[in-house]
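**Student:** Here it is, the structure, as structure tokens.
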Amino acid sequence: MLTLRQPWSAHRSWAPYRVILPAITGCMMLIASILPWFNDPGGTKLTAWQLPVDLGWQLRFGFLNYGLLCTCCTLTIFTISWQAWQIFHAQQSADPTQLLATAHIDMKQRYRQAYLLCLLPSALFLFQFLVADMGMMAEVARNQIQLELARSHFGYATMPEFMPILPFTLHPLHLSDRIAILFDQIGLGFFMPLFSLLALWLTRAFWSHSTQQTGWVQPPLSRQHHLLTYGLALLGILILGRPSLALLSHYQAVHALDAGNYSKALQWLDQARLLNPTLDALPDYHSERGQAQYFLHPQHPGIESETYLGAYYLTQNDIYTSYQTLQNAWHAYPHTPWLRDELSIALAQLAEMNKPLNGPSQARLVNDEPALPWLDELINIDSSNVYAQFTTGRILCELHAYGSCEAHMRVVLNLQQSPELRSAAYTYIAISRFGLGDTINAREYLYKAQDFDPSYRNNTARQYMSGMR
């Protein structure tokens, strides 16, 4: 008996993909919650579950994080996949009862909801990083500056960055610098929701004909639905509007400073901090306030006006005067983190003036020794400064003070989780062990240095291991 083969139909052939692709999209969102979203310059890879949501309202809860957002999106997308399977099952059975039971499902509306949910985690992360959470930006910029300065003294080339950053010109209050840090440190997990959005958009194309053929049309929206939509939109504007208005107020303050209207500039800066208190963590913000206060009240200096003068002298390349001004402020006023960051920049520039650890080894002592007093003072001000600890250890290694070099490098290991910095620290601990005659342990440290260097950039460790040095 011959069976007649039915003609090909896109409606029937694409039906399984309407179930499979949303399920794959949900799995991608689930994977996004466990992948690193941001690689902190300190070496810590932060997953979505380790990144709390902070939109400028200073309301941080450990359970409200990007991992939870991705999980909620995953459950929603799996729900869509289940509804797609119900429709597919009803079409395959041709049972009028099942068709009537699934007729009220509007897949186009479900997809629109899922698009927004897929876009939500990445969009909120960008908004938080670039607009809202200036406290996190201040910490990241501090770690980035220290890492960039330490990299310049590794003794070998490091992995090039996507967007090169100059440590002495990095200002986290500038949007372009925040974007540069983001592109250099962003992880794969950030892109997974965007890939999920693309996959879900491709899945929607398979429903373009089936929704018309089966009569699944969107029902008219009720008044309650409209009110809910408008309420959610208003809530989103209120939540996201506050830090956005803070940046707008700051731009108005910068314009007033350029125009010489210092009273107005102070008003705008106060309003910006009222809208987003995390601006208080940025040295540039206090330097701008100090500029206005310096010209309004030149006879009454304060911590912010002294910070402005120190920053101004740095722009004029008068590094020592900048250091003196900031040092006086450090002794006269409370030791705030932003003042410490500004003073650390001045001390780092003084240490780098003679370009230590550069040039032929026999000529380095002339340049290395003058940097040590500035580095020691920097360590006294901030013992967690990785650049100062690492550079001091390297100079002491050149001076054959191997025990002191090893002590500083072990401090670096306790402070940093960055693989490339740990590789360099283990390298100079090994060199110190060689200098002290401990060959066995020296080779063990060289093995550790190579383990933290999968990209084979650390030529120093490999040359010592092979006996070339």
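**Student:** Please enumerate the residues belonging to the range 105-129 that are open to solvent by 30 Å² or more (accessible area, probe 1.4 Å) and either of a type in the set (Lys, Arg) or under 20 Å from the mean Cα position of the chain (by Cα) (or both).
**Tutor:** Passing the criteria: Lys108, Arg110, Arg112, Leu119, Leu120, Ala123, Leu126, Phe127.
**Student:** Does the range 159-166 contain any residue that is assigned to a helix (DSSP H, G or I) and among the acidic types (Asp, Glu)?
**Tutor:** no
**Student:** Checking the conditions here, which among Ile239, Ile345 is part of a helix (DSSP H, G or I) and open to solvent by less than 50 Å² (accessible area, probe 1.4 Å)?
**Tutor:** Only one candidate passes the filter, namely Ile345.
**Student:** Name the one entry in Phe452, Phe434 that is modelled with pLDDT of 85 or more, within 27 Å of the chain's Cα centre (by Cα) and over 13 Å from Gly155 (Cβ atoms).
**Tutor:** The conditions single out Phe452.
**Student:** Which of the residues that make up the range 401-438 are under 24 Å from Gln185 (Cβ atoms) and open to solvent by 30 Å² or more (accessible area, probe 1.4 Å)?
**Tutor:** Val411, Asn414, Leu415, Gln417, Pro419, Glu420, Arg422
**Student:** Please specify each residue of the range 453-467 satisfying the condition of being within 20 Å of Pro160 (Cα to Cα), free of Cβ contacts under 8 Å to residues at least 40 places away in the same chain and open to solvent by 70 Å² or more (accessible area, probe 1.4 Å).
**Tutor:** Pro454, Tyr456
**Student:** Another question, if that's okay. Checking the condition of a type outside the set (Asp, Glu), in contact (Cβ under 8 Å) with a residue 40 or more places away in the chain and either under 22 Å from Arg178 (Cα atoms) or crowded, with 17+ Cβ neighbours inside 10 Å (or both), which residue from Ala281, Ala329 passes?
**Tutor:** Ala281
**Student:** If a residue has to be over 29 Å from the mean Cα position of the chain (by Cα) and either over 16 Å from Gly290 (Cβ atoms) or not in a loop (DSSP other than H, G, I, E, B) (or both) to count, how many in the range 331-342 make the cut?
**Tutor:** Matching residues across the range 331-342 total 2.
**Student:** Let me ask you something else. Quick check on this structure: which one of Asn441, Asn367 is open to solvent by 50 Å² or more (accessible area, probe 1.4 Å) and either touching a Lys or Arg at 6+ places or on another chain (Cβ under 7 Å) or modelled with pLDDT of 95 or more (or both)?
**Tutor:** The conditions single out Asn441.
**Student:** Are any residues in the range 287-326 open to solvent by less than 30 Å² (accessible area, probe 1.4 Å), of a type outside the set (Ser, Thr, Tyr) and farther than 18 Å from Phe168 by Cα, and if so, which ones?
**Tutor:** Arg289, Gly290, Ala292, Gly302, Glu304
**Student:** List pairs: first in the range 404-419 and closer than 13 Å to Ser383 by Cα, second open to solvent by 50 Å² or more (accessible area, probe 1.4 Å) and in a loop (DSSP other than H, G, I, E, B), Cβ under 6 Å, 6+ apart or cross-chain?
**Tutor:** Leu415/Ser384
The values are calculated or read from the model by the stated rules, or taken from the named source; none is laboratory data. Given the structure is predicted, the values throughout are model-derived calculations rather than measurements. No Cβ is skipped: glycine too gets one built from the backbone with ideal geometry, and neighbour counts run over all protein chains shown. Note: accessible area is taken over every heavy atom of the protein model, side chains too, but ligands, DNA and RNA are not part of it. Shrake-Rupley method; radii C 1.70, N 1.55, O 1.52, S 1.80 Å.
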